[in-house]
Amino acid sequence: MPYFSSEENPPPSVESTPAPRCRDASHHLCAHRLTLRRAIPRPHTHHTKLHHTKPHDTKRRRMMAKVAFLGLGVMGAPMAGHLAKKGHSVTVYNRTAAKAEAWVAANGGAHAPTPRAAAEGAEIVFACVGNDDDLRGVVLGPDGALAGMKPGAIFVDHTTASAEVARELAEAATEAGVGFVDAPVSGGQAGAENGVLTVMCGGEQATYDTVEGAIGAYARACRLMGPVGSGQLTKMVNQICIAGLVQGLSEGVHFAKKAGLDVEAVLSVISKGAAGSWQMENRGATMNAGKFDFGFAVDWMRKDLGILLDEARRNGAKLPVSALVDQFYAEVQAMGGNRWDTSSLVARLER
């Protein structure tokens, strides 16, 4: 259980639990003895079983870190902003320096000309960039983050990338004496801006425990899924589920229109039943209106689908629906919808 998502509760008071009466009046001291027994504190019960925290969690929760954030796109900029609001000392890097300068003007902190310069002296270095090659570019080489990180520091990658590159960079980090956590996120731009992302992590338990509190600045859920690469594999499952769901919703909206139904009324009623989903609640009405400028772009979804289909070829998973939806998104791109959001699948049905 992430320690930042729970609060400590006091143990129940002695007075709140009345002592049972003895059936036999000759045992008139029974109730008194039971009450005394409840009043005697017993070690390793309440705090261990109820709070699920380590002894140093409270101290770590209060600690503010010197951190770096690499990549200030629609996800990275607000995530870095939440770190600054929580009191962390944040140095940012962005390939386009003007974005870094604007971020500092709005949030404070500092910006650096290279990933290496941003990472120097940082306890944790976060990254959220475009793809595997972008990630290698900010991590490796003479100007990469690893060249500036001190032994014992930790690199946290929020990029949606391949499990293969996660393992590759983790190996490079280990050689430099640096910890590594692959930590892709779900929740989109709105989730980043509101600080309610879901974060899926891969790495060693001790490394994860060290960074979990800082990640809590912009996450409502964060979990270690297994060794390095497990975070990326979990994100692939997320995208597989979304792909099929959005295609199904697109077909439902399209069918309702062709049937002459009031689409808004249809969505309103079926969203309360088994067909309901986040996509239906948040994208159904905009799909019906033909508006596709609400978040995660088709180009990025195709990138993610390419990653998971490559992984499926390696591990033998059969993903016929995901492969088909990937082709559908290619058609949307051919319609000029590269920057439309993923709900634009409905547009290809209504051409």
Query raised in the report: Which whole-number value in Å² is the accessible area per residue of region 195-306, probe 1.4 Å?
Result: 46
Report summary line: Expected sort for 312-322, 70-80 on mean C-beta neighbours within 10 Å, highest first, is 70-80, 312-322
Report task. Run the numbers on region 98-247 and let me know its relative contact order in percent, using alpha-carbon pairs under 8 Å that are six or more apart. Result -> 18
Report summary line: Here the gain from full extension of Asp133 to Asn194, 0.36 nm per residue of separation minus their alpha-carbon distance, amounts to 19.1 nm
Query - Cα→Cβ-extended label distance, 7 Å offset, between Glu175 and Met335, nm - result: 4.7
Query raised in the report: Just how far, in whole angstrom, is region 256-316 from region 67-132 if you go by their alpha carbon centroids?
Result: 32
Report summary line: For region 264-351, the percent of accessible surface on carbon and sulfur atoms (probe 1.4 angstrom, ligands and nucleic acids excluded) is 55
**Report entry** DSSP-defined beta bridges in region 158-313 - what % are antiparallel, rounded to 5
**Finding:** 35
**Report entry** Estimated vicinal HN-Hα couplings, Hz - region 300-312 in sequence order (Karplus 6.51, -1.76, 1.60; Gly, Pro = x)
**Finding:** 6, 5, 5, 4, 5, 5, x, 4, 6, 5, 4, 5, 5
**Report entry** Backbone HN-Hα couplings from phi across region 336-351 [Karplus 6.51/-1.76/1.60, Hz, Gly and Pro as x]
**Finding:** x, x, 3, 9, 5, 7, 5, 6, 6, 3, 5, 5, 5, 7, 10, 5
Query raised in the report: Full extension from Lys66 to Ile270: what is 0.36 nm times the residue separation minus their Cα-Cα distance, to one decimal in nm?
Result: 68.6 nm
Report task. Report the FRET efficiency, 1/(1 + (r/R0)^6), for Lys86 and Lys291, where r is their Cβ-Cβ distance and R0 is 30 Å, rounded to 0.05. Result -> 0.30
Query raised in the report: Near the amide H of Gly226, under 5 Å away, which other amide H atoms are found, from residues 5 or more places off or on another chain, if H is placed in the peptide plane?
Result: Gly203
**Report entry** Solvent-accessible ranking of Cys241, Cys201, largest area first, probe 1.4 Å
**Finding:** Cys241, Cys201
Requested in this report: First measure r as the distance between the Cβ atoms of Asn315 and Asp262, then evaluate 1/(1 + (r/R0)^6) with R0 = 56 Å and state the FRET efficiency to the nearest 0.05.
Outcome: 0.80
Report task. Lys and Arg at +1, Asp and Glu at -1: add these up for the other residues within a Cβ distance under 15 Å of Val266 and post the number. Result -> 0
Report summary line: Rounded to the nearest 5, the percent of antiparallel DSSP beta bridges in region 68-204 equals 15
Report summary line: For Lys99 the rounded accessible area (nearest 10 Å², probe 1.4 Å, non-protein molecules ignored) is 110
Query raised in the report: For Ser250, what charge total do you get from the other residues with a beta carbon under 10 Å from its beta carbon, if Lys and Arg give +1 and Asp and Glu give -1?
Result: 0
Requested in this report: Can you tell me how much longer the chain between Arg95 and Glu281 gets when fully stretched, taken as 0.36 nm per residue apart minus their C-alpha distance, in nm with one decimal?
Outcome: 63.4 nm
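The values are calculated or read from the model by the stated rules, or taken from the named source; none is laboratory data. Since the structure is predicted, the reported quantities are computational estimates derived from the model, not experimental observations. Cβ atoms come from the backbone with ideal geometry, glycine included; neighbour counts cover every protein chain shown. To get the accessible areas, we keep the full protein, side chains included, count just its heavy atoms, and leave off ligands, DNA and RNA. Shrake-Rupley method; radii C 1.70, N 1.55, O 1.52, S 1.80 Å.
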